[in-house]
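Notes follow the structure.
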C-alpha cells in the first residue's frame with residue numbers, strides 16, 4: 001500500500017468546535033484556499049484560510065466575524081480568487097483575495113437596507129464580470145467588470161435581459 005495515499009489531519013483549524021463547515025475555494029501560488037464556518041448565536045462565523053499542506057503553513061487569511069456566511073460563486077483569475085458572500089443578514093459583497101490579509105478585501109458591498117444582488121461571476125481572459133441590481137434603479141440588471149488596475153467595478157451594460165441588452169439604453 002502506498003503510504004502517501006492515506007489521509008491525515010494537517011491541522012485542526014477550529015479546535016474544540018463540533019464539525020465546522022469547510023469549503024475548498026481554489027489555489028493561489030501553490031496554497032490551498034478554503035473557508036470554515038461555525039454557527040454562533042446569529043448567522044455563521046466565516047474564516048478564510050490558506051495552507052501549503054503543512055501544519056505550520058496553515059493559517060487564517062481573514063476572519064469575517066459573526067453573521068457572515070460562507071463564500072459562494074468563486075472564480076480564479078491569474079493568482080486572485082473572487083467570491084461573493086453575505087457579510088451580514090442582508091449585505092452581499094464581492095471580495096477578492098490573493099491569499100494574504102492585506103490582499104483580501106471587498107470590491108463591492110451592496111446597501112443592506114435595500115434588496116440587491118451580485119451574481120453571475122464570470123472570467124473572460126483576465127477580466128472578471130458580474131451582474132448586479134439594486135432597488136435604487138427599479139431592479140434593472142447591469143453588467144459590470146472589475147478594472148484590473150484599480151480593483152473598481154465599472155458598469156459595462158445596463159438593463160441586461162435574457163434576450164440581451166435593452167436597445168433603448
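Legend: calculated FRET efficiency, residue 105 to residue 22, from the Cβ-Cβ distance at R0 = 35 Å, rounded to 0.05, equals 0.95. In this structure, residue 151 and residue 29 have a Cβ-Cβ separation that, at R0 = 22 Å, corresponds to a calculated FRET efficiency of about 0.75.
When 6, 60 are arranged by Cβ crowding within 10 Å, least crowded first, meaning fewest neighbours, the order is 6, 60.
Readers should treat all values here as calculations from the given coordinates under stated rules, not as data from a laboratory. Values in this document were obtained by computation on a predicted structure and should not be read as measured data. Note that we place each Cβ from the backbone using ideal geometry, even for glycine, and neighbour counts take in every protein chain shown.
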